[in-house]
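See structure below.
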Amino acid sequence: MPLLLEIVTPERLVYSDYVDSVQVPGIEGELGILPHHAPLVSMLGMGELRIRKGGSEESFAIFGGFLQVRPDKVVVMAETADLASEIDLERAQEARREAERALETGYHETADLAAARAALQQALLRIRVAERRHREGPRRRG
């Protein structure tokens with residue numbers, strides 16, 4: 001029995017389909033979810049969400065949010081969720097350079113420093129996820 005996965009952000013429904021398994025970045029480590037999983041609510045961390053479906057694997061860069069698991073459905077409510085194949089690597093690398101420049105110039109406000117660090121972390125994650133997908137290509141299991 002497959003598992004219905006929905007990934008939503010404040011802007012849109014990013015993904016909705018039946019999958020074989022989901023691996024998500026929890027705040028205390030990776031969580032693996034299969035059909036018939038025990039009910040669970042958890043906070044999400046920053047990292048790579050991986051979906052296995054019919055012998056293939058897809059990845060998303062996920063930034064924060066919440067996870068709700070029921071035996072037949074998983075809902076990921078993320079601040080942002082970027083499908084690996086849709087990440088613009090050049091744009092992510094430019095965002096990294098901008099965040100690094102901002103950190104080098106220094107800040108008087110703690111909130112500005114935290115925002116620059118968060119932007120750098122997001123850019124680095126997008127780069128890692130996009131480069132892995134580019135290097136490995138779409139995954140197919142035999």
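Applying the condition of being of a type in the set (S, T, N, Q) and part of a strand (DSSP E or B) to the range 1-56 and asking which residue is nearest to the chain's Cα centre (by Cα) yields GLN23.
So is ARG96 out of contact with any helix residue (DSSP H, G or I) (no Cβ under 6 Å at 6 or more places or on another chain) and of a type in the set (Lys, Arg) or not? For ARG96, the condition - out of contact with any helix residue (DSSP H, G or I) (no Cβ under 6 Å at 6 or more places or on another chain) and of a type in the set (Lys, Arg) - is not met. Of all the residues in the range 117-126, those that are free of Cβ contacts under 8 Å to residues at least 40 places away in the same chain and either of a type in the set (D, E, K, R) or surrounded by fewer than 20 Cβ atoms within 10 Å (Cβ to Cβ) (or both) number 5.
Here THR110 meets the list (1) at pLDDT 85 or above; (2) assigned by TED's automatic domain parsing to the domain that holds VAL129 almost entirely, failing just condition (1). From the list ARG117, ARG70, the one residue that fits, being of a type in the set (D, E, K, R) and not assigned by TED's automatic domain parsing to the domain that holds ASP17, is ARG117. Among the numbered criteria (1) part of a loop (DSSP other than H, G, I, E, B); (2) modelled with pLDDT of 80 or more; (3) among the small types (Gly, Ala, Ser), which single criterion is violated by GLY142? For GLY142, the failing item is (2). Can you tell me which residues in the range 49-85 are surrounded by 22 or more Cβ atoms within 10 Å (Cβ to Cβ) and out of contact with any strand residue (DSSP E or B) (no Cβ under 8 Å at 6 or more places or on another chain)? Residues satisfying the conditions do not exist here.
Condition test on SER56, is it in the same structural domain as ASP20 (by TED's automatic domain parsing), hydroxyl-bearing (Ser, Thr, Tyr) and out of contact with any Pro (no Cβ under 9 Å at 6 or more places or on another chain)? Taking the combined requirement at face value, the residue does not satisfy it.
If you go through the range 74-91 and pick out every residue that is in a helix (DSSP H, G or I) and in contact (Cβ under 8 Å) with a residue 12 or more places away in the chain, you end up with 3.
For the range 54-77, indicate whether the set of residues that are modelled with pLDDT of 95 or more, of a type in the set (S, T, N, Q) and more than 21 Å from ALA119 (Cα to Cα) is non-empty. Checked the range 54-77: at least one residue is modelled with pLDDT of 95 or more, of a type in the set (S, T, N, Q) and more than 21 Å from ALA119 (Cα to Cα).
The values are calculated or read from the model by the stated rules, or taken from the named source; none is laboratory data. On a predicted model such as this, the values are computed, not experimentally measured, just so you know. All Cβ positions, glycine included, derive from the backbone under ideal geometry; neighbour counts span all protein chains shown.
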